[in-house]
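See below for the structure under consideration.
The values are calculated or read from the model by the stated rules, or taken from the named source; none is laboratory data. Being a predicted model, the structure only gives us computed values, none of them experimental. When we count neighbours, we look across all protein chains shown, and the Cβ atoms used for this are built from the backbone with ideal geometry, even at glycine.
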Amino acid sequence: MSESTETTEDKKSGSGPLMGVLAFLMALGLGFLIGRVVQDDFDGPPVLDDDTRYDVALRGDEPAHGPEVALVTVIEFADYQCPYCARAREPLEEAMAKRDDDVRLIYKHFPLPGHRLALPAAKAAWAAHQQGKFWEMHKDLFEANSSVKDIAARAEAMGMDPERFLRDYASPAAAKSVDDDMLAGAKLGVTGTPVFYVNGHRYVGFRDKGQWNEVLEFEADNAERLIDAGTPEAEVYAKLMQGAVKQRRSRDPNPPKPAAQPGGLDPDVTYRVDVAGRPALGPADALVTVAVFSDFQCPYCGRIAPSLHELAEQEQGVRVVSMQLPIPSHPRARDAAKAALAAERQGKYWEMHDKLFESRESLADADFSAMAEALGLDVAQFELDVQDQAIEDRVQADVQMARDLGIRSTPATFVNGHYVRGAVPLKTLRQAVAAQRPMAQALVDAGTPMVGVYEALMAEAAIVEQ
């Protein structure tokens, strides 16, 4: 269970039917008949997202199954901790087995930021690939729900050299390979898993064996038409990629509004968090922005506070933003938040931030003016600023934003808008940052100035509907 402090609000907190059923059954039967007629005459797959073909960036060293020259190329982006990816594996394999001379599967890693085991699992699969055992490890990781416990012993049982496996698993090359895969997905707008590109056509989510049979048959028929028209089989995929989209960006004028969840927000959704004007560590043009809602009397916030400095110091292109969320059950938390913002006016926000957390256990009796004096502030000005309504308004703006987001506890962290709950260790924060870099880099590659990356992400982020 994540370590966090809950808000006070969380702790409070006859013949007609028969005819309707008959009518429903009749409509269902009629709909089925109509559907069959439409499907029989349909000149396309019943599950195609759109008619666009997308060109997935390939390095050439990805794990692949099936003939190198194939009528149909399936490129899969998946996450070993994703339950839908796990369910999707067998139906696709069974459908491919019926056409094993026609279909090639290429696997790309896309560990989601909310899945803390997914990145280690992806690197384990990459390490196994270096010894020709990717598909064995691939199956094992799905069956183990992405766990890497005793991973070296498991690799040895598959016939691998365990020492080489561990070297590869921990190598920068493993991390870079996963990053490259994620960047390839991000450029095409992949944000969740599984996503499949079948001869360039995009298919999202789980499909059963029958649906995969339809997809593969449709794509194979299209490829055979090219061959009949004179394209050599070895050049079919390249022919299909001519003019295919290499960069996909959606601009939805009405972004999705997922409802706040009883147990917290969805880590796989990008939420809109306004950080403008808030105290920050790191560059304004950072690729990744880490926004942390905290309470100066929350013990778990005190635990994560030192990691914020380390994150900003150790990670290139990361900005850490401090947001205020004093919890009503903590009597001096709001005054502490105002003291920190008053110190900011004299350029000492983070010094006061750290001092307040260091004094957390005695904060109930703390003298904020004495703290200000110890930090070398103009105490008279500090005391005036603490009473300034504009400071109170800034605190309340953050509190209202937290309510709108559905935040139920502190600390609550958003990494480029993706939620991370609780006092997670520095390692977890760094993994969350690494997971968000590819999408941010894709924006830059597409022409977005670095200083505008966060704004661009927020333009498409979700607004929570309470």
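Tabulated data
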quantity: Residue check, Val275 outside any strand (DSSP E or B) and at pLDDT 95 or above; calculated: yes
quantity: Criterion: surrounded by fewer than 15 Cβ atoms within 10 Å (Cβ to Cβ) and within 32 Å of the chain's Cα centre (by Cα) - qualifying residue of Gln400, Gln381; calculated: Gln400
quantity: Residue that is surrounded by the fewest Cβ atoms within 10 Å (Cβ to Cβ) [pool: residues in the stretch 167-184 that are closer than 22 Å to Glu156 by Cα and hydroxyl-bearing (Ser, Thr, Tyr)]; calculated: Ser171
quantity: Verdict on Val56 being assigned to a strand (DSSP E or B), buried (at least 21 other Cβ atoms within 10 Å of the Cβ) and modelled with pLDDT of 95 or more; calculated: no
quantity: Residues being among the hydrophobic types (A, V, I, L, M, F, W, C), more than 23 Å from Ile304 (Cβ to Cβ) and in a strand (DSSP E or B) - total across the stretch 411-466; calculated: 1
quantity: Sole residue being within 17 Å of Thr410 (Cα to Cα), surrounded by fewer than 17 Cβ atoms within 10 Å (Cβ to Cβ) and in contact with a strand residue (DSSP E or B) (Cβ under 8 Å, 6 or more places away or on another chain), chosen from Pro328, Pro299; calculated: Pro299
quantity: Leu117 under 30 Å from His418 (Cβ atoms) and either out of contact with any helix residue (DSSP H, G or I) (no Cβ under 9 Å at 6 or more places or on another chain) or of a type outside the set (D, E, K, R) (or both); calculated: yes
quantity: Qualifying residue in the stretch 99-121 (condition: of a type outside the set (Gly, Ala, Ser), under 22 Å from Ala434 (Cα atoms), in the same structural domain as Tyr80 (by TED's automatic domain parsing) and assigned to a helix (DSSP H, G or I)); calculated: yes
quantity: Condition met for Phe368 (more than 39 Å from the chain's Cα centre (by Cα), more than 30 Å from Ala461 (Cα to Cα) and surrounded by 16 or more Cβ atoms within 10 Å (Cβ to Cβ)); calculated: yes
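Here's the yes/no breakdown for (1) over 28 Å from the mean Cα position of the chain (by Cα); (2) of a type outside the set (Phe, Trp, Tyr):
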{"residue": "Phe196", "(1), (2)": "no, no"}
{"residue": "Asn199", "(1), (2)": "no, yes"}
{"residue": "Tyr203", "(1), (2)": "no, no"}
{"residue": "Glu219", "(1), (2)": "yes, yes"}
{"residue": "Leu240", "(1), (2)": "yes, yes"}
